Amino acid sequence: MESVVHGAGRRGGAVLTVCYPVRGSSHLPKARRDMTTEGPAETPQKFDEYVQSYTDLHAKNLAASGEKPEYFAQYKLECLKRFGAPQGEALLDYGCGIGNVTSCLATHFETVHGYDPSTQSLDVARSRMPKATFHSDPGSLPENHFTTAVISGVLHHVPRPERLGLLAGLCSKLKPGGRLFVFEHNPLNPLTQRMVKLCEFDDDADLLWPWDVRNLVRRSGFANVRLDYIVFFPKQLASLRPFEPRLRWLPAGAQTLTIGTKGS
């Protein structure tokens, strides 16, 4: 359940096709059509159940990309490095789950905190990263403390009415000038939608249009908001991956990266 607020997985895919809905369309990019926007929030207990099987399920879900979960964790780290996230400053991985991405971030950043409501997931994360600091209570996260916050594959598991408040709360944890990095699936990519639909622990997923993520970040108190499309090429086309940053404008990426900066 890496990246869990109400439970979530970090995944990635790679495709070269894209469909374009009409902006403002009432079409909802949900992984399962029976989920309602007013439904109850997922409980941590649900994702405690996946602690032992998560790694295998995650790898199976990513098989079409030709890559293992470690590739996508490293991909996110490389994104943060490319945008100059300070190595010596405190970083928060919000929705860290069992720590697949957190462990990768901890190889580069000196001070790493992780938050997740699944206590069993945190037990695994702590065993993997004894030097990191983990929280199961969001109230224990210090205010105005972090220079970088990462929330990856989380928002599509959060009920729509709660998303803005979650991001506003994250803004309060950042120092002035701190940045938030939001990684999400891109529902404009049909293969991404297919992968999410087939993923066992994404049965509650309610995917966000890229512009909706950008608007949420802006409305939650962040400035200089930037939206990039990322994760374009499968392993078979790995030689083309160095060109991916130049394709940030192309809505064919399997995922999106939205960055916002907290004002002074």
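Of note:
- Candidate set: region 241-264, residues that are aliphatic (A, V, I, L, M) and buried (at least 16 other Cβ atoms within 10 Å of the Cβ); chosen: the one farthest from residue 175 (Cα to Cα): 252
- Criterion applied to 163, 218, 226 was being crowded, with 19+ Cβ neighbours inside 10 Å and either in contact with an Asp or Glu (Cβ under 6 Å, 6 or more places away or on another chain) or of a type in the set (Lys, Arg) (or both), and the one residue passing it is 163.
- Scanning region 72-112 for residues that are small (Gly, Ala, Ser), under 22 Å from residue 167 (Cβ atoms) and free of Cβ contacts under 8 Å to residues at least 24 places away in the same chain turns up just one, 84.
- Of all residues making up region 193-247, the number that are more than 16 Å from residue 260 (Cα to Cα) and either in contact (Cβ under 8 Å) with a residue 24 or more places away in the chain or not aromatic (Phe, Trp, Tyr) (or both): 34
- Filter pass, residue 155 being touching a helix residue (DSSP H, G or I) at 6+ places or on another chain (Cβ under 6 Å) and either surrounded by fewer than 24 Cβ atoms within 10 Å (Cβ to Cβ) or on the phi < 0 side of the Ramachandran plot (or both): yes
- Test: residue in region 225-247 that is in contact with a helix residue (DSSP H, G or I) (Cβ under 6 Å, 6 or more places away or on another chain), closer than 26 Å to residue 92 by Cβ and among the aliphatic types (A, V, I, L, M): yes
- Residue under evaluation residue 138, criteria (1) at pLDDT below 95; (2) over 11 Å from residue 98 (Cα atoms); (3) over 19 Å from the mean Cα position of the chain (by Cα), criterion not met: (3)
- Restricting attention to region 183-229, the residues that are of a type outside the set (Val, Ile, Thr), in a helix (DSSP H, G or I) and within 20 Å of residue 170 (Cα to Cα) total 8.
The values are calculated or read from the model by the stated rules, or taken from the named source; none is laboratory data. Values in this document were obtained by computation on a predicted structure and should not be read as measured data. All Cβ positions, glycine included, derive from the backbone under ideal geometry; neighbour counts span all protein chains shown.
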